[in-house]
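The values are calculated or read from the model by the stated rules, or taken from the named source; none is laboratory data. Just so we're clear, the structure is a prediction, and the values are computed from it rather than from any experiment. Using ideal geometry, Cβ is built from the backbone for each residue, glycine included, and neighbour counts are taken over all protein chains shown. With ligands, DNA and RNA removed, areas are computed over all heavy atoms of the protein, side chains included. Shrake-Rupley method; radii C 1.70, N 1.55, O 1.52, S 1.80 Å.
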4 protein chains.
Amino acid sequence: MSTKKLVKPSKTKTPGSVKANFERIGFLGLGIMGSAMAGNLMKAGFEVHGFDPTSKARQLFKASGGHVSKDAADLAQSVDVVITSLPSAGALMDTARVLAQAGRKGLLVIETSTLDIKDKEAARDVMAKKGVTLLDCPLSGTGAQAARKDLTVYASGPALDIRRLASVFEGFSKAHFDLGAFGNGMKMKLMANLLVAIHNVSTAEALLLGQRWGIKPSTAVKVLSDGAGGSRMLQVRGPMMENEGWKEATMKISVWQKDMKLIAQALADAQVPAPLFAATIPLYNAAMGMGHEANDTAAVFDVLEKMSSIPKKTALKQKSKR
Amino acid sequence: MSTKKLVKPSKTKTPGSVKANFERIGFLGLGIMGSAMAGNLMKAGFEVHGFDPTSKARQLFKASGGHVSKDAADLAQSVDVVITSLPSAGALMDTARVLAQAGRKGLLVIETSTLDIKDKEAARDVMAKKGVTLLDCPLSGTGAQAARKDLTVYASGPALDIRRLASVFEGFSKAHFDLGAFGNGMKMKLMANLLVAIHNVSTAEALLLGQRWGIKPSTAVKVLSDGAGGSRMLQVRGPMMENEGWKEATMKISVWQKDMKLIAQALADAQVPAPLFAATIPLYNAAMGMGHEANDTAAVFDVLEKMSSIPKKTALKQKSKR
Amino acid sequence: MSTKKLVKPSKTKTPGSVKANFERIGFLGLGIMGSAMAGNLMKAGFEVHGFDPTSKARQLFKASGGHVSKDAADLAQSVDVVITSLPSAGALMDTARVLAQAGRKGLLVIETSTLDIKDKEAARDVMAKKGVTLLDCPLSGTGAQAARKDLTVYASGPALDIRRLASVFEGFSKAHFDLGAFGNGMKMKLMANLLVAIHNVSTAEALLLGQRWGIKPSTAVKVLSDGAGGSRMLQVRGPMMENEGWKEATMKISVWQKDMKLIAQALADAQVPAPLFAATIPLYNAAMGMGHEANDTAAVFDVLEKMSSIPKKTALKQKSKR
Amino acid sequence: MSTKKLVKPSKTKTPGSVKANFERIGFLGLGIMGSAMAGNLMKAGFEVHGFDPTSKARQLFKASGGHVSKDAADLAQSVDVVITSLPSAGALMDTARVLAQAGRKGLLVIETSTLDIKDKEAARDVMAKKGVTLLDCPLSGTGAQAARKDLTVYASGPALDIRRLASVFEGFSKAHFDLGAFGNGMKMKLMANLLVAIHNVSTAEALLLGQRWGIKPSTAVKVLSDGAGGSRMLQVRGPMMENEGWKEATMKISVWQKDMKLIAQALADAQVPAPLFAATIPLYNAAMGMGHEANDTAAVFDVLEKMSSIPKKTALKQKSKR
């Protein structure tokens, strides 16, 4: 699939020579997302190297056919392109310093994490001094989607580099967009996440109302998905709201709290009122308070259900009074 | 397309004889929805009669090939099946009384309006006394969707009657579900509308944030629709949020206020907390207050934009101070 | 205490003769509010008659020194002024018809219930035809406050009648305001109730945050009441949020739902956005769902607490895992 | 007024010798709050020194009878007690370093700013190494209240030091509470601010509804203040919502955004759901977006009013159509 150019559509055909022939790809961060993308790149014929501080992650990666590097510096010297999938701004900055030192001039780094734009800019600047180029390329899709190559890449940064990386993007995603200036990728990702934060809860509200009326969540998902109320979250998270399906996390409540903070900060900085997003904040806080940290964000259904159900103990007491 | 049975799936094959051969259909209410459905039934080969209190609606219906009845009683005597598309509970009750008097025993009435279940039940009971059967069958889809037969029918009532009406449903919709007991259609419709109320506003929030960052709504709709934040509303109402697209109403803010009230009442009756739905209420009230009564519900974008923009007069004043 | 005139201040001194010498007062509705006001009027030297459909209410009223009437018609013939404290619009309309029939021309009726303005207007019109005057006079204060004469009367209707009733108002309240045209009393009451709906929940939010930090609600109420965050609700409902104090209802959750509906309708009619009021709706719905119908509205604290506490069963399970 | 002990009430009488005789007080930060408190301490007979980076602030301080220090280090050497009133965590940490260097062992520092507890703890630790003691003592009250000594001190830290400082607290406040361990002052302040954030908006909602009905805000404030809907914010900010009273800032919208962030973070950390606080966030963001940065937080009234008023231009257009 070719690059979709929306913000800066090129009017001429992309010359064949621009699309570079990268062969060796390095992964820093082999968590759920990283390992899934690495797997698809291997299938696509790339030689994939990888490093992760967790030994278990490294073992799984090796078992799947990857080349385990000693460390980030070692990896930087073995590959044409690095893909980062990191848990924090601190991890990104550490990585930036190592790649600036160890990486060859001209090395391209595809940064896919969801982090503050300012932190990504700082990392970019550190690397730029040594001729290493960072591209801001967050992903749309869960771990499950990554595994079946159902990801979309929100690429941003130098247009030429994005074009050159087309075959790499194609190796682990179903589509990629060139969104223009560095940081636009994260902006689009924050917009997507704002919608995800809301649609996850709207799904819970609708399904809870239906459940009260005796309509099973699975029935409601089937009937509603195709209509005016349909959404990707209804399809993906709706089924997880039945039978405690949230126990299989595709996005943990605790990790999601970081994403919530990024969106809230972006809205405050941009001075944009977002009443529905704001109304989701207490529900995710509540999910944390109720012990759902390690569960999927679909657990907001449990929060709403607890808010509208007579606790068992009380129910029994009331019964015994009669 | 055959009936999708979700709540009460029949275990035996539907015998061919059950699907009745209705030939003449009557419409009470020839507004945007009614006239669009009537047009599709004519195309499907039905003889379509119709009545509406507005003379202009009757003229348009005649011009499109319909048979104009003198009144509801007249219509009831000329058709096998009546389809009602009415603006209020009062209109439904008036209609119920006329059909109970004039309609033959065994007449089937497909009630497609969005009204309180209690009002529909009262109408059903009035007709049942005279052997006329009312089915609660709200629709998912806008006027524009009705025109291109892109409707879904949430049918509820006697299962046998729903099966017998299959060819009629197929004449004006892309799919119909048998949702079980009378009233379940409206319940599913209220769940769908709760989602619509929320996703319309979530779309406005995301697009406004993007606009602040210089990302055009049309670009955002294209990129986001396919991802985790995607929804039918983003696709349908998103484009209407650019260039005052809300001026072409597919659902007027003033009419929507009635739907909002039905959802709010349903939530209170079912004792279900729905924080995001609640957060949409002030925005639709605001749209009314700002003079958007006759505009599309997509005008909530204008409400949010006005909340975050320095009014021109003030902006000029501030400028002149420097 | 004399009448406080705010909306239509009279420029001339109120002549002594205007303040009428009413001696016999009749109560229709001897619930918590009615019986408390009746008691204070007796203490103030009035002869107080009363009727209530509940025999227990009549007995208590008799025991407290009141004259029990046979019915509303009987009562209307024995008194100078009637005070109504009724549970529903239906009860008011029934009462209006009886008083229009049985009451003498010139009878004054002080209507203190919280009901829709349109319903009060209809009752007023029925009585006006027979020369009976209804005044719209809702009260600010709970049953506990009524008992200690700590009520404020929001009087509205003919200015002269309000002045003539001064001694009656003084007999059961600490202050009364002449707010102008009939219905303005209810308008002020709806504004007060909007604030009550919100401040009750804001109190719960602040006290729950404090409790998480180990600060007892009673400590927080003491420290915060005097400061910028202080409110009447914090003082009155705050202490009820500790040790399940909500079990002693001063305003039942189930009754409050009616008040909530009146406010929501008023906001929709006036096209006024009220995001905080909207955000309280799910919490009162949740309180109903959790079985707090008969508890005080302070039970919203329990709703929020349940939203942020690991349920015991789960907590034990998690413990046993370690 | 003596210390109110709530969290850790002492069981023995406070010996007279504990209340120290401090004579010279130093102020770091001579803004609205600092200069008002300094003035009251002078009136109470203290010798007051002060420093502020702004020369105008220093001049005003000198004119009011204060001793201007060269810098923070100079000030630290001239006084018994330092009171800090600072705009940011950075300013506090800088101050902490200077006082740790320059201050004598045993110096007491009363920290009155609204800042993150973690930042205050860091400052405390830096000073503790040099024997300087920081007390966390945020204030309840606006600049206007500070001027008339209408402040409450939420003191926290070593109980003995709080007792020793009683005469100083009494010199600039009407009451002070010993709330226990360091940081409890800020916790109580955050609870107060959560209530302020909400009650400011609830006031705007009620007054806007009244205005729509033709009830002037000043009338509503008078009638409602004494009743169940009353709050300090209604009394203080309500009058500022008429005639653009928000243009005289007692708390600027832009400064308030920092306080909002502290509350939001505290709720997330404590895992407490606060739906009403969350619903205020978009309104303060909107106030920023609408150009109210330098106006008082009472400007949320303007946000809501703009949300419910037909813009003039549109209104005229609609008129001309008729």
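Reported count of residues in segment D:286-300, each being assigned to a loop (DSSP other than H, G, I, E, B) and either surrounded by 23 or more Cβ atoms within 10 Å (Cβ to Cβ) or in contact with a Lys or Arg (Cβ under 8 Å, 6 or more places away or on another chain) (or both), is 5.
Condition first: β-branched (Val, Ile, Thr) and part of a loop (DSSP other than H, G, I, E, B). Can you find one or more residues in segment A:260-277 that meet it? Yes, segment A:260-277 contains at least one residue that is β-branched (Val, Ile, Thr) and part of a loop (DSSP other than H, G, I, E, B).
With the structure loaded, tell me whether D:Ile198 is touching a Leu at 6+ places or on another chain (Cβ under 9 Å) and outside any helix (DSSP H, G or I) or whether it fails that test. No; evaluated as a whole, the condition is false for this residue.
Among the residues of segment A:53-72, the one identified as more than 12 Å from A:Leu30 (Cα to Cα) and of a type in the set (Lys, Arg) is A:Lys70. Filtering D:Val201, D:Val221 for residues that are within 19 Å of D:Asn243 (Cβ to Cβ) and modelled with pLDDT of 95 or more leaves a single hit, D:Val221.
Residues of segment A:169-183 being surrounded by 24 or more Cβ atoms within 10 Å (Cβ to Cβ) and facing chain B (nearest Cβ under 9 Å), which ones? Across segment A:169-183, the qualifying residues are A:Phe177, A:Leu179.
For segment B:194-225, what are the residues that are open to solvent by less than 10 Å² (accessible area, probe 1.4 Å) and more than 7 Å from every other protein chain (Cβ to nearest Cβ)? Those that are open to solvent by less than 10 Å² (accessible area, probe 1.4 Å) and more than 7 Å from every other protein chain (Cβ to nearest Cβ): B:Ala197, B:Asn200, B:Thr203, B:Ala204, B:Leu207, B:Pro217. Taken together, B:Gln145, B:Gln235 contain a single residue that is in a helix (DSSP H, G or I), open to solvent by 10 Å² or more (accessible area, probe 1.4 Å) and touching a helix residue (DSSP H, G or I) at 6+ places or on another chain (Cβ under 6 Å), which is B:Gln235.
Determine, yes or no, whether D:Arg237 is in contact (Cβ under 8 Å) with a residue 60 or more places away in the chain, among the basic types (Lys, Arg) and out of contact with any Lys or Arg (no Cβ under 6 Å at 6 or more places or on another chain). Yes: the conditions hold for D:Arg237. When C:Ala287, C:Ala270 are checked against the criterion of being within 7 Å of another protein chain (Cβ to nearest Cβ) and aliphatic (A, V, I, L, M), a single residue qualifies: C:Ala270. For segment B:306-322, a residue qualifies if it is over 14 Å from D:Ile310 (Cα atoms), in contact with a helix residue (DSSP H, G or I) (Cβ under 9 Å, 6 or more places away or on another chain) and either part of a helix (DSSP H, G or I) or at pLDDT 95 or above (or both), and the qualifying residues are B:Lys312, B:Lys313.
For (1) aliphatic (A, V, I, L, M); (2) over 20 Å from the mean Cα position of the chain (by Cα), each residue gets a yes or a no:
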site	(1), (2)
D:Arg163	no, yes
D:Ala175	yes, no
D:Phe182	no, no
D:Val196	yes, no
D:Ser202	no, yes
D:Gly210	no, yes
D:Gly214	no, yes
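Condition check for C:Arg232 on (1) farther than 30 Å from D:Gly183 by Cβ; (2) basic (Lys, Arg); (3) within 9 Å of another protein chain (Cβ to nearest Cβ): one failure, at (1). Across segment C:148-161, the qualifying residues are those that are under 19 Å from the mean Cα position of the chain (by Cα) and outside any loop (DSSP other than H, G, I, E, B), and the one among them that is farthest from C:Arg124 (Cα to Cα) is C:Thr152. Among the residues of segment B:44-67, those identified as among the charged types (D, E, K, R) and free of Cβ contacts under 8 Å to residues at least 12 places away in the same chain are B:Lys56, B:Lys62.
Residues in segment C:96-150 that are among the charged types (D, E, K, R) and closer than 20 Å to C:Glu23 by Cα: C:Arg104, C:Lys105, C:Glu111, C:Lys149. Across segment A:241-255, the number of residues qualifying as open to solvent by less than 50 Å² (accessible area, probe 1.4 Å) and either assigned to a strand (DSSP E or B) or within 11 Å of A:Asp302 (Cα to Cα) (or both) comes to 4.
Among residues of segment C:291-319 that are within 8 Å of chain A (Cβ to nearest Cβ) and under 16 Å from D:Gln271 (Cβ atoms), those with a Cβ under 7 angstrom from a residue that is part of a helix (DSSP H, G or I) and modelled with pLDDT under 95, sequence gap 6+ or separate chain, pair up as C:Val303/A:Met307; C:Lys306/A:Lys306; C:Lys306/A:Met307; C:Met307/A:Lys306; C:Met307/A:Met307.
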